[in-house]
Amino acid sequence: MRILVTGGAGFIGSNLIQRLLLNKENKVFNLDKMGYASSTKSIDNLLANINSKSLGKYEFLNVDLENKLDTQNALDYVFPDLIMHLAAESHVDRSIDRPDSFIASNIIGTFNLLESSRKIWRNFDKKKKSTFKFHHISTDEVFGSLGKTGSFSEETPYKPRSPYAASKASSDHLVLSWHHTYGLPVVLSNCSNNYGPGQFPEKLIPLTIYKAYRNQSIPLYGDGENVRDWLFIDDHIDALLLVAKQGVIGESYCIGGQGEKSNKNVVLEICKIMDKIIPFNAPHKKLISYVSDRPGHDKRYSINPSKIKKELGWKSKYTFREGLEKTVHWYINNLEWYEKTITSKEYNFERLGNKL
Ligand code: NAD
Ligand code: DAU
């Protein structure tokens, strides 16, 4: 299998590539522009520490999907059997401050990738054409915001409410239209909030771990009662592999861990784990500080994952507590790398997304 992963130096992409490389039949191409959230360190570590004969082959392509010609050249070179498209600007707060790069990467970038894919796909021989798939990885944020009850499913109408969510919704529509109009064999997945090793610390869980470790104030937006449906990264990777392999062309699959928690409860759980690791700073919950709300803050996300469970046999393996313990310990053990990565990207844990 020649597999092209876009955004493979990001949080989900780098975890996905590590899993794909465990199959030595795979040749994995990682296409990434190496933005502020990128690192290939975990993939490089895997390649350095495991006998290369037992792993698949790996190649990195430094390409920005905004560049049409570079994207086409990359596709001609890779000649993929499968594309897993994760490359995107992914942080809601940054999309509030600077929406431009979200339109460019998530919409224009996806358009360029679709056009390049269509060009190579239409010249494939019959066999390759019949097995090729373009898997577009999207988010539950395209569905908007829920009240106290109900869950998103594949039937939920789109109602994005942030520049990030709107740019992802646009990319979903482009992908489906390339299927309906040109016949490109696509499959989509819409996932809830991921957490786990290697997530850039602008996001709630790694940011809280870092702040607690450094004994600094932990910012909770608004009243802290907004709800997210948390999914451990390994469970998401299991689901992505199933969708890529067995997902029905033209269909979409909602992926969620049925792990709904208010932001306040997430932060309190992290504080409890930190109390055990650094008892002399306990209780870490004293660090919690309520700050002004995110503009347009979606109240609640919840995924009904019945379709992927029933049709593809997926289920999550990790409870929130298990995934969180693993995540906290990973960050504490990798603090030096983590801080170096951040400093090199000139991010100072400052509040983002509140300058209107
Ligand atoms: P991330 O920000 O950690 O990584 C994204 C990667 O994409 C980065 O390495 C970045 O350099 C790359 N990229 C961005 N624009 C690019 C471009 N124009 N050309 C080439 N590379 C580009 O994001 P993530 O959390 O790993 O998310 C990956 C995908 O999954 C995104 O499409 C996101 O919308 C989706 N998603 C994420 C979550 C989550 O909770 N993290 C949940 C649902 C869906
Ligand atoms: O739902 C899937 C989405 O989850 C993905 O599509 C996005 O790429 C990913 O970033 C994530 O979006 P969120 O906006 O939900 O994640 P974030 O970690 O930024 O925020 C989670 C919640 O915590 C949200 O309600 C805002 C709140 N928050 C966030 C930060 C950074 C705080 O209260 N304080 C903070 O400092």
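The values are calculated or read from the model by the stated rules, or taken from the named source; none is laboratory data. Just so it is clear, the structure is predicted and the values come from calculations on it, not from any experiment. In this analysis, Cβ positions are derived from the backbone assuming ideal geometry, glycine residues included, and neighbour counts consider all displayed protein chains. Only protein heavy atoms, including side chains, enter the accessible area calculation; ligands, DNA and RNA are left aside. Shrake-Rupley method; radii C 1.70, N 1.55, O 1.52, S 1.80 Å.
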Answer yes or no as to whether Asp93 is within 16 Å of ligand 2 (Cβ to nearest atom) and surrounded by fewer than 17 Cβ atoms within 10 Å (Cβ to Cβ).
-> no
Out of all the residues in the stretch 213-227, which are in a loop (DSSP other than H, G, I, E, B) and either away from ligand 1 (no atom under 16 Å from the Cβ) or open to solvent by 20 Å² or more (accessible area, probe 1.4 Å) (or both)?
-> Arg214, Asn215, Gln216, Ser217, Gly222, Asp223, Gly224, Glu225
Within the bounds of the stretch 288-299, is there any residue that is open to solvent by 20 Å² or more (accessible area, probe 1.4 Å), of a type in the set (A, V, I, L, M) and more than 19 Å from the chain's Cα centre (by Cα)?
-> yes
In the stretch 18-48, which residues are open to solvent by 50 Å² or more (accessible area, probe 1.4 Å) and away from ligand 1 (no atom under 15 Å from the Cβ)?
-> Leu22, Asn23, Lys24, Glu25, Lys27, Asn45, Leu47, Ala48
Residue match in the stretch 170-188 (condition: at pLDDT below 95 and more than 18 Å from the chain's Cα centre (by Cα)) | no
Taking the residues in the stretch 209-259 that are within 26 Å of Lys309 (Cβ to Cβ) and of a type in the set (Lys, Arg) as candidates, determine which candidate is nearest to ligand 2 (Cβ to nearest atom).
-> Arg228
Residues of the stretch 119-162 satisfying the condition of being aromatic (Phe, Trp, Tyr), within 16 Å of ligand 2 (Cβ to nearest atom) and open to solvent by less than 30 Å² (accessible area, probe 1.4 Å) | Phe143, Phe152
Is one or more of the residues making up the stretch 235-247 surrounded by 24 or more Cβ atoms within 10 Å (Cβ to Cβ), within 15 Å of ligand 1 (Cβ to nearest atom) and assigned to a loop (DSSP other than H, G, I, E, B)?
-> no
Does Lys345 count as touching a residue at least 60 places away in the same chain (Cβ under 8 Å), more than 23 Å from Ile270 (Cα to Cα) and of a type in the set (Lys, Arg)?
-> yes
Could you tell me whether any residue of the stretch 61-75 is within 18 Å of the chain's Cα centre (by Cα), among the hydrophobic types (A, V, I, L, M, F, W, C) and at pLDDT 95 or above?
-> yes
Subset tally (residues that are open to solvent by less than 80 Å² (accessible area, probe 1.4 Å) and not aromatic (Phe, Trp, Tyr)) for the stretch 330-342 = 6
Leading residue by the ranking (surrounded by the most Cβ atoms within 10 Å (Cβ to Cβ)) among those in the stretch 62-76 that are away from ligand 1 (no atom under 13 Å from the Cβ) and more than 11 Å from Leu113 (Cβ to Cβ) = Asn73
With the checklist (1) assigned to a helix (DSSP H, G or I); (2) open to solvent by less than 20 Å² (accessible area, probe 1.4 Å) in hand, flag the one item Leu184 doesn't pass.
-> (1)
Have a look at Asn51, Asn15 and point out the one that is surrounded by 21 or more Cβ atoms within 10 Å (Cβ to Cβ) and more than 23 Å from Leu114 (Cβ to Cβ).
-> Asn15
Here are some residues: Ser167, Ser171. Which one is within 24 Å of Ile249 (Cβ to Cβ), within 16 Å of ligand 2 (Cβ to nearest atom), touching a residue at least 24 places away in the same chain (Cβ under 8 Å) and surrounded by 23 or more Cβ atoms within 10 Å (Cβ to Cβ)?
-> Ser171
Filtering the stretch 82-141 for residues that are more than 12 Å from ligand 1 (Cβ to nearest atom) and of a type in the set (Phe, Trp, Tyr) leaves a count of 4
Residues in the stretch 198-208 that are open to solvent by 30 Å² or more (accessible area, probe 1.4 Å) and either more than 9 Å from ligand 2 (Cβ to nearest atom) or not in a helix (DSSP H, G or I) (or both): how many?
-> 1
